1. Using Cα springs under 10 Å in a Gaussian network model of the chain, which residue among Met212, Met415, Met113 shows the largest mean-square fluctuation?
2. Counting only residues 5 or more places away or on other chains, whose amide H sits under 5 Å from the amide H of Gly198 once H atoms are built in the peptide plane?
3. Each residue of the stretch 251-260 in turn: what ³J(HN,Hα) in whole Hz from Karplus with 6.51, -1.76, 1.60 and θ = phi - 60°, glycine and Pro shown as x?
4. Might you tell me the accessible area per residue for the chain, computed with a 1.4 Å probe and given in Å²?
5. Sum -39500 (n - 2.57) across every DSSP H segment of at least 4 residues in the chain, then divide by the residue count to get the 222 nm mean residue ellipticity, nearest 500.
6. Counting only residues 5 or more places away or on other chains, whose amide H sits under 5 Å from the amide H of Asp103 once H atoms are built in the peptide plane?
7. For Met263, list long-range residues whose amide hydrogen, built 1.01 Å from N in the peptide plane, is under 5 Å from its own amide hydrogen.
8. Name the residue, out of Val403, Val352, Val104, whose mean-square fluctuation peaks in a Gaussian network model built on the chain with Cα pairs under 10 Å.
Amino acid sequence: MENYKKLIPGFSCKNGQGIICDRGVDYYTDDILTLCRYYSDNGADEIFIYDASENDEDHERTIGIIKEIARTVDSPLIVGGRVHRLEDVKKYLYAGAKAAFLDVSIDENVDLMKEAADRFGSEKIYAYLPDIRYLSQAEEYGQLGASVMILDSDLVGAAPVAEDLKRLADCPHPLIVFCDEDTPGALTSYLKIDAVEGVLLTVPEEKEGCCMNMKQELKARGIPVDTFESSVEWKDMKLGPDGLVPVIVQDYKTSEVLMLAYMNEEAFSQTLKTGRMTYYSRSRKQLWLKGETSGHFQYVKKLMLDCDNDTILAKVNQIGAACHTGSRTCFFQTLAEREYRETNPLKVFEDVYAIICDRKENPKEGSYTNYLFDKGIDKILKKIGEESAEIIIAAKNPNPEEVKYEMSDFLYHMMVLMAEKGLRWEDITEELANR
């Protein structure tokens with residue numbers, strides 16, 4: 001797999017708000033979650049968040065925001081800023097961050113670096129260098145356990161200096177370097193350095209297609225960046241009589257079928273270039289960027305081709321409704337149906353969990369689930385302990401049916417605990433996927 005250079009938008013978070021630096025001026029935005037979603041959907045390889053909290057209450061609020069961002073965006077998060085002890089590093093990582101950074105200008109952070117790397121793994125610990133002068137100590141930080149150096153310095157900016165470029169090139173560890181996103185020439189200079197694996201971008205609140213557009217410019221300059229490249233050329237696809245290829249669109253997480261549309265060569269090319277689904281409208285006889293009017297964009301996650309090379313399957317992140325009627329999917333009219341039992345594992349888990357959550361919100365007399373919620377956390381934990389023991393006992397018997405039965409009991413009680421703690425199956429599956 002090619003070693004792509006990364007574009008990493010950066011934000012600060014304070015008092016529950018995002019802080020964006022645009023041309024040297026800081027301003028606040030109430031919705032950092034929306035910003036992170038936007039940049040993740042539009043090509044950000046990772047997202048950098050600096051926790052600028054000034055007190056413990058604000059810090060806990062920021063941790064909650066980071067958790068929500070990690071739940072809803074696909075780009076890995078790099079988080080740090082308010083670290084006083086190992087527990088603070090743990091909070092960032094457990095909130096969903098890919099890595100936590102330690103500010104080396106704070107002596108206590110340098111002292112903590114080895115302990116953090118030993119506890120969580122060096123791949124999860126980065127060193128944050130607020131000034132280029134700290135670059136001379138990169139070897140020391142690497143020996144303490146930091147796997148990546150983040151250089152955030154006003155000395156590294158719009159006009160690359162030959163001396164600074166050489167210092168970056170001599171760094172013995174991977175670097176992420178701050179750079180003004182309006183200077184593609186500087187981006188190119190930094191990204192051509194082998195030691196630089198990515199650039200940290202300060203970004204304005206509105207920047208149409210920001211990272212995907214920048215990647216196209218960088219690719220034209222010979223920089224290896226992660227863009228959509230088709231393994232099959234358009235000329236090798238089997239077109240219909242109208243010169244179009246049908247496209248079946250699915251939600252990338254649930255596999256729900258959302259809609260059917262068509263592409264011509266230009267629409268296919270635009271989809272690859274922008275990362276947003278673009279079709280050819282047969283009725284209007286023109287290109288159609290899905291969501292251009294409604295805001296219900298479809299961000300590409302994966303494009304597949306069937307065995308006959310005549311139909312595309314698109315897995316997308318659907319914003320809002322896919323159907324012009326306002327329905328999530330265009331396929332909402334039942335023509336014929338026969339009852340069947342749902343056995344898709346995640347669907348079953350989600351359905352049972354939804355019932356448990358409904359019982360919590362809307363208690364039902366005589367409900368065992370409500371009995372557990374009424375008794376509280378100690379009763380729930382006691383039942384989980386009992387069911388765990390039942391699994392162990394059942395596993396000693398030769399009949400696997402007993403294990404199946406006891407595991408089902410355990411999973412139910414575990415879902416009650418999940419509901420009590422506000423956890424979702426998506427949280428669990430994402431944590432497993434990250435391991």
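The values are calculated or read from the model by the stated rules, or taken from the named source; none is laboratory data. Remember, predicted model here, so these are calculated numbers, not experimental data. SASA here: full protein model, heavy atoms, side chains in, ligands and nucleic acids out. Shrake-Rupley method; radii C 1.70, N 1.55, O 1.52, S 1.80 Å.
1. Maximum among the listed residues: Met415.
2. Those qualifying (amide H under 5 Å, at least 5 residues apart or on another chain) are Lys6, Leu175, Val177.
3. Along the stretch 251-260, the couplings run 5, 6, 8, 9, 6, 5, 6, 9, 6, 10 Hz.
4. Per-residue value: 53 Å².
5. Value at 222 nm, helices only: -12000 deg cm²/dmol.
6. Counting only residues 5 or more places away or on other chains, the set is Gly81, Tyr128.
7. Placed amide hydrogens put Val245, Val247, Tyr280 under 5 Å from Met263.
8. Per the Cα network of the chain with a 10 Å cutoff, Val403 tops the list.
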